[in-house]
């Protein structure tokens, strides 16, 4: 067993709620999350449970990271219709980020 696996497991064990811990574990395995990504998701959970104002921003970043990982692993690349839709969404995202950089 690698040291990285142990460290990730130890971090996940800190989540008190068993259903949240289980869900996070499944996500970590399915998406092959790094230790940093796991820590971010745990921080998001804590912020959500305490009602901290920064939770939506961190949660949104986690969602973007997760979506990107899922797209990379999906079969969208084999379907021309899905590729076209992804191309459109990507153009919108690039435009959004481009607007932000211009400010």
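Hey, can you tell me all the residues within the stretch 5-59 that are over 26 Å from residue 72 (Cα atoms), modelled with pLDDT of 80 or more and not in a helix (DSSP H, G or I)? Scanning the stretch 5-59 gives 13, 14, 15, 16, 17.
Kindly establish whether residue 62 is modelled with pLDDT of 80 or more, in a helix (DSSP H, G or I) and surrounded by 10 or more Cβ atoms within 10 Å (Cβ to Cβ).
When the stated conditions are applied, residue 62 does not pass them.
If you filter the stretch 69-83 down to residues that are in a helix (DSSP H, G or I) and surrounded by fewer than 10 Cβ atoms within 10 Å (Cβ to Cβ), you find that the one that is nearest to the chain's Cα centre (by Cα) is 78.
The values are calculated or read from the model by the stated rules, or taken from the named source; none is laboratory data. Remember, predicted model here, so these are calculated numbers, not experimental data. Neighbour counts run over all protein chains shown; Cβ positions are idealised from the backbone, glycine included.
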